[in-house]
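Just below is one structure, and these are the notes that go with it.
The values are calculated or read from the model by the stated rules, or taken from the named source; none is laboratory data. Keep in mind the model is a prediction, meaning the values are calculated, not measured. All Cβ positions, glycine included, derive from the backbone under ideal geometry; neighbour counts span all protein chains shown.
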Amino acid sequence: MAVLSDGAENRRDSIALAFRDAKITCLEFDDAIHGLRTSSMHCFEGPEWQHLKRGRESFAWGPVIKSDPLGRCGAALIYGLQMAILKAAQVGQSLVGEDEPTRALSSSAVRVESSYLIDLRALETNHVKDFTFVHGYIEPVLVILHEREPTWAGRISSKHHTCMISAFSISMTLKQHPVIWSAANLPHDAYQILSVPPPISGVLVVCANSIHYHSQSTSCSLALNNFSSQPDGRYYL
């Protein structure tokens, strides 16, 4: 579940729910019924989307959905390597049909206007562990924690620090997503990425034995115990 909110006092938040295997539903509060109603649904299942599974019939976990801090879009990781981008409608834009009463978005909830897919395989972003949106950018920036070459505790002597983060600037109008910065050589046991609120911004990468801070301009690390080490094998101070 994710909350779409642009922070405006005269606009309500919307709720985005993700269901197996690749279904997304957006809900908003309706004054007429004093309850939630569906504002949009997005489904990436069926014969036309079968190629996204790459021959698999089951996945370890269902879709994971996150939202931009300013409510400009949401993102859902489906089928492990497909990122669905949910574009929110701009303030004042109406999504109702001709036979429905006109209602500007400035007085209603944040709504999803359209959606499209990003193939993470084409971006060489495999083995995704987590992702988040970050603060402080003109366009939405999606930071993905992924592993370049999988390893495990039994192979630490030969392969370690195999994770990295990549920050993609999401241009929903052009449907382009260039990498604007990245950080490599993160521990193999990194499992979570958290967005840091402004004025600091950036992200925290949480690992089993250390915590790493990264932004476009700086980075630092904090060891949590004696088992954490740097990419060259040295231990943190």
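For segment 20-43, a residue qualifies if it is surrounded by fewer than 19 Cβ atoms within 10 Å (Cβ to Cβ), assigned to a loop (DSSP other than H, G, I, E, B) and of a type in the set (A, V, I, L, M), and the qualifying residues are Ala32, Ile33.
Check off (1) more than 12 Å from the chain's Cα centre (by Cα); (2) of a type in the set (Gly, Ala, Ser); (3) modelled with pLDDT of 95 or more for Gly154 and give me the number that stays unchecked. The single condition Gly154 does not satisfy is (3). Residue-level check: of (1) farther than 22 Å from Thr125 by Cβ; (2) assigned to a loop (DSSP other than H, G, I, E, B); (3) hydroxyl-bearing (Ser, Thr, Tyr), Thr151 misses just (1).
Quick one: is Val134 under 17 Å from Leu70 (Cβ atoms), modelled with pLDDT under 85 and of a type in the set (A, V, I, L, M, F, W, C)? No: the conditions fail for Val134. Can you tell me which residue is farthest from the chain's Cα centre (by Cα) among those in segment 63-82 that are under 15 Å from Ser169 (Cβ atoms) and either β-branched (Val, Ile, Thr) or in a strand (DSSP E or B) (or both)? Selected residue: Cys73.
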